[in-house]
Protein chains: 2
Amino acid sequence: MTFSVQVKVMPLKELLDPQGKAVMGGLQNLGINSITDIRIGKNITLQVEAGSADQAKQVAEEASRKLLANPVMETFEIVVN
Amino acid sequence: MTFSVQVKVMPLKELLDPQGKAVMGGLQNLGINSITDIRIGKNITLQVEAGSADQAKQVAEEASRKLLANPVMETFEIVVN
């Protein structure tokens, strides 16, 4: 069975997010002032071949730890649909 | 009131996702073979100062159209928490 798994990778709260800061400046230049903070991470959609949702989640977790997220700078969150 | 708004920006289904293809190769090199497809987009978290959730969504939509997403290559989806 194929499961669609979503992995959200976000920069750690404690760290600066330079991409977010740059976009923040862009928004202000466009006159959009009601946005007070912005953080930019990755949204990854995986199609996982697995016997159960739990197994699909495990595969996604292994992939996230080994390749998709950098644990020094990022956290990740997995949702199986 | 401050609303936390999530914007998911994904490459259009019709288009190749070169970043996803590259990561797919990496996963196979790591021996993770049960992942059959992978698409990589952006996950953006905004803090929006607004009177209501609807208003916050409108601000996020304007920001997405004008700056966060490239409509030629990407779609976006907005969720207000």
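The values are calculated or read from the model by the stated rules, or taken from the named source; none is laboratory data. Quick caveat: nothing in here was measured; it's all calculated off a predicted structure. With ideal geometry, Cβ positions are generated from the backbone for all residues, glycine too; neighbour counts draw on all protein chains shown. The area values use the complete protein model at the heavy-atom level, side chains included, leaving out ligands, DNA and RNA. Shrake-Rupley method; radii C 1.70, N 1.55, O 1.52, S 1.80 Å.
Can you give the direction-averaged projected area of the convex hull of the alpha-carbon atoms in region A:1-75, in nm²? Quarter of the Cα hull surface area: 6.2 nm². Classified by the C-alpha gyration tensor, the protein assembly as shown has a prolate form. Its axis ratio a/c, with a ≥ b ≥ c, is 1.5 or above, and a/b is larger than b/c. With its label point put 7 Å out from Cα toward Cβ, B:S52 sits 4.5 nm from the same residue's point in the other copies, in order from shortest.
By accessible area, using a 1.4 Å probe on protein heavy atoms only, chain B has 53% of its surface on carbon and sulfur. Sorting B:L12, B:L67 on solvent-accessible area from highest to lowest, probe radius 1.4 Å, gives B:L67, B:L12. Chain B against chain A buries an accessible area of about 2600 Å², both chains summed, 1.4 Å probe radius. For the rotational copy pair A/B, the chain A residue whose Cβ lies nearest the symmetry axis, together with its distance in Å, is A:N43, 2. Label-point spacing for B:P18 across the identical copies (point 7 Å from Cα in the Cβ direction), in nm and ascending order: 2.2.
Each copy carries a label point for A:K66 at 7 Å from Cα toward Cβ; from one copy, the others' points are 4.5 nm away, ordered from shortest. To the nearest 20 debye, what is the magnitude of the charge dipole of region A:2-80 about its Cα centre, counting +1 on the Cβ of each Lys and Arg and -1 on the Cβ of each Asp and Glu? With only Lys, Arg, Asp and Glu charged at Cβ, the dipole is about 180 debye. Take region A:2-80 with all the other protein chains still there, run a 1.4 Å probe, and you get 52 Å² of accessible area per residue.
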